[in-house]
Structure formats: C-alpha cells, structure tokens
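The values are calculated or read from the model by the stated rules, or taken from the named source; none is laboratory data. Since the structure is predicted, the reported quantities are computational estimates derived from the model, not experimental observations. Note that each Cβ is placed from the backbone with ideal geometry, even for glycine, and that neighbours are counted across all protein chains shown. These accessible areas exclude ligands, DNA and RNA; they are computed on the full protein's heavy atoms, side chains included. Shrake-Rupley method; radii C 1.70, N 1.55, O 1.52, S 1.80 Å.
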Amino acid sequence: MENETIYILAIESSCDDTSAAVLRNNKVLSNVVATQSVHEQYGGVVPELASRAHQQNIVPVVHQALDRANIDKKLVSAIAFTRGPGLMGSLLVGTSFAKSLAMGLDIPLIEVNHMQAHILAHFIDADEMKAPTFPFLALTISGGHTQIVLVKDYFDMEILGETLDDAVGEAFDKSAKILGLPYPGGPLVDRHAKSGNPKAFQFPKPKVGDLNFSFSGLKTSILYFIQRETAKNPDFISENLEDICASIQYTIIEILMDKIKKAVKQTGIDQIAIGGGVSANSGIRAALLNAEQDMGWKTYIPKFEYCTDNAAMIGIVGFLKYQEKKFAAKNVSAQARYIIGT
Ligand code: KG4
Ligand code: ZN
C-alpha cells in the first residue's frame, strides 16, 4: 500500500475556466485549462454563458488531459472535482461530469474546496520544490476571495481575516474597467504598471480593523479621481496609463502587506504562502521576496500556472485526500458557498 501509485483525474469548473489535470501521486502529468473569452465584452463573468461554455469544453478538456498524460482512463484511481465555492451553474457542470465518470469507472469520488486547493497547490511536487511546513499563514487572493488563513494541517484551516466587501481581484478588475481595459483587467494592470511610477498618484488606504480587508472605497476613490482628471483632460487616461496602473497596484499591495505584517505579529508565524489568481501579480511576488530579505520571513509563491484557476491544484488535494481515504458520497452535490474548514 505504501508504494501504491495513485493516479488522480481532477476537474475544476468553479468560475470561467474549464480545467482538467492528471496527477501521478503529487506530480502533475498534465494540466489543461480552457479559458472562456466570451466574458471579455461584458466586463465580467456572465454566469449563464460560463456554464454553457463549461458544457462545451469539459469533454475535450478531459480527453486532452488524459492524452497529454498518456494515461488510459482505466488507470485512474479516483476523480477529484471542485465542489465549491463558485458559481452554481458552473460548479454543476464539473460536479455532474465527475460523478458520472466516477460511477462509470467504478472508482472513488473526491470533493475539493476550491479555496483550500489554492492553498494546497504549494504541495504539488513537494519533495522537489520548497513547500511550507505547518503551521503557516496563507494569503488567498482571487477574483472571489481575499483571506488570511492559519493553516495548521492539510485539512485544518482557520480564517483569521477576510474582505468585508470586494475581493482583491475585483479591485484590480473594476479599476481596470474604469480605465477602459477589458476583463479580466488584473493581468493588464500588472503589465502596464511595470513601466509606471508607483508614487505618481496617491489613493487612500481603508481603515478596517483586525485582519479584515475592504476594497470598495479604493474603487470609488479611483473612479472619482479618473472622472475629475478626465473632465480637465479627456486624454488623461491614455497619457498616464502606466503611472495610474502602477499607483493602483502599489496601493493594493500596501494594503495586503500591512495586513500580513499584522498577522505575523499576532500569530508569531512568519511563513507566508500565497495562492489564488492575484498571486500571479508581479508586484505582490516582488513584495514578498523583499520581505524575505527585510523581515526574515519565509515566503512561498506557487508556480505561475498553479496561481490562477487550474485543475492541478484540485488534483493535489485529491491525492492528499485519497491517502486518508476521504471520499465523497456518490450523491454529493455542488455547493456555491463553501467555507474553508467546514
Ligand atoms: O483564482 P482566480 O483565477 O479565479 C477566482 O477564483 O477568482 O483569480 C482570478 C483573478 C481575477 O480577478 C484576475 O484579474 C486576477 O485574478 N489576476 C491578476 C493577475 N492575474 C490574474 N490580478 C493582478 N495581477 C495579475 N497578474
Ligand atoms: Zn480561484
């Protein structure tokens, strides 16, 4: 049993990416992601269109993942899938597909919490890569969540603080929308920020207690600032795009770093792991690397492809749960609100 080779087929469909991955134990053999471009023109994810696109994508994406891994589906030990949190229609596509495939192949089904997966993505290839040791602090920053989580063990996590309104990814995306950039704007703000001056413009930082966050005030102040400046100069955005993006990104990173510093002080834990789509941001990655030098922290940043939504992170949770025989009931259903640790 000790040396049993476990193959996990993992499926992720919580938002607007359809993804399938195959893992051999904790190694990723394939990780296929089909991103939906249909939402770009709407400035945000349209749930109905997302579930329709998942329905179209799921079969080819799963086939491709098995092909690239060069694995016959008969070898698969278990199917792991995202149960939640996410958009109900999107989750249902992955959940029903995973359930029927597991039933057809007569193998166990493993349910995965998407936010837990963003954290446990650090354990992909853990024997070769530097992985955090328990306990550590995780900063999960995505389009739907902003949380500081105390990770005591793989499946023992406690939320220490979270956003009271917008998620940090939304702050990026909504700011980008104000600047006329397409959805999702986060990566574009990051790109433009690279050649801008982060101190060109100042935005107020929110005053929220404890380890909680708030980003809706920042979005409003950016909106008023842009309205005021474009009234004076209609070309203000195009003439200052780099500086505006750099200043927005700088403010967001300051907000995040201030809270992590507070969490380190409160808990005495100085191992920080980030996860979620926004951890692809070059500014936050640089700020954490600097903190290793300046504050003596140990920081863990996932590989780029395991930051944004992907099925490999669902697969690693599948592998960890398989070892503990944490299988789902055959009648398990999707759960749009699914809190870590419950
Ligand atoms: O984790 P994720 O792929 O999906 C959710 O579960 O939400 O995160 C998507 C979010 C979007 O808001 C996107 O704009 C943001 O991550 N994002 C970034 C970057 N890459 C993705 N935000 C800032 N800079 C980036 N480089
Ligand atoms: Zn995510």
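Here are some notes:
- For the stretch 66-81, the condition of being assigned to a strand (DSSP E or B), within 20 Å of the chain's Cα centre (by Cα), at pLDDT 90 or above and under 21 Å from residue 338 (Cβ atoms) holds for at least one residue.
- Qualifying residue in the stretch 259-279 (condition: open to solvent by less than 50 Å² (accessible area, probe 1.4 Å), of a type in the set (D, E, K, R) and within 16 Å of ligand 2 (Cβ to nearest atom)): no
- Count of residues meeting criterion [part of a helix (DSSP H, G or I) and surrounded by fewer than 19 Cβ atoms within 10 Å (Cβ to Cβ)] in the stretch 297-321: 2
- Residues being within 13 Å of ligand 2 (Cβ to nearest atom) and either among the acidic types (Asp, Glu) or more than 23 Å from residue 55 (Cα to Cα) (or both) - total across the stretch 116-137: 5
- Count of the stretch 297-342 residues which are polar (S, T, N, Q) and under 29 Å from residue 264 (Cβ atoms): 4
- Of all the criteria given as (1) within 8 Å of ligand 1 (Cβ to nearest atom); (2) part of a loop (DSSP other than H, G, I, E, B); (3) at pLDDT 95 or above, the one not satisfied by residue 169 is (2).
- When we screen 145, 122, 118, 114 for residues that are open to solvent by 30 Å² or more (accessible area, probe 1.4 Å) and either within 16 Å of ligand 1 (Cβ to nearest atom) or touching a Leu at 6+ places or on another chain (Cβ under 9 Å) (or both), the only hit is 145.
- Of all residue pairs spaced 6 or more apart or on separate chains, those with beta-carbon atoms under 8 Å, a first member in the stretch 82-98 that is assigned to a strand (DSSP E or B) and a second member that is more than 16 Å from ligand 1 (Cβ to nearest atom) and of a type in the set (A, V, I, L, M) are 83/328; 83/332.
- Residue within the stretch 131-142 that is open to solvent by 10 Å² or more (accessible area, probe 1.4 Å), touching a strand residue (DSSP E or B) at 6+ places or on another chain (Cβ under 7 Å) and within 14 Å of ligand 1 (Cβ to nearest atom) present: no
- Matching residues in the stretch 322-338 - criterion: being surrounded by 14 or more Cβ atoms within 10 Å (Cβ to Cβ) and within 16 Å of ligand 2 (Cβ to nearest atom): 334, 335, 336, 338
- Count - residues of the stretch 131-160 that are small (Gly, Ala, Ser) and over 17 Å from the mean Cα position of the chain (by Cα): 1
- Scanning the stretch 82-92 for residues that are open to solvent by less than 20 Å² (accessible area, probe 1.4 Å) and modelled with pLDDT of 95 or more returns 82, 91.
- Hits in the stretch 30-59 - residues which are open to solvent by 30 Å² or more (accessible area, probe 1.4 Å) and either among the β-branched types (Val, Ile, Thr) or touching a strand residue (DSSP E or B) at 6+ places or on another chain (Cβ under 8 Å) (or both): 31, 33, 35, 38, 45, 46, 57, 59
- Test for residue 104: is it part of a helix (DSSP H, G or I), open to solvent by 20 Å² or more (accessible area, probe 1.4 Å), away from ligand 2 (no atom under 16 Å from the Cβ) and in contact with an Asp or Glu (Cβ under 9 Å, 6 or more places away or on another chain): no
- Which listed residue, of 283, 268, 296, 276, is touching a residue at least 60 places away in the same chain (Cβ under 8 Å), at positive phi and of a type in the set (Gly, Ala, Ser): 276
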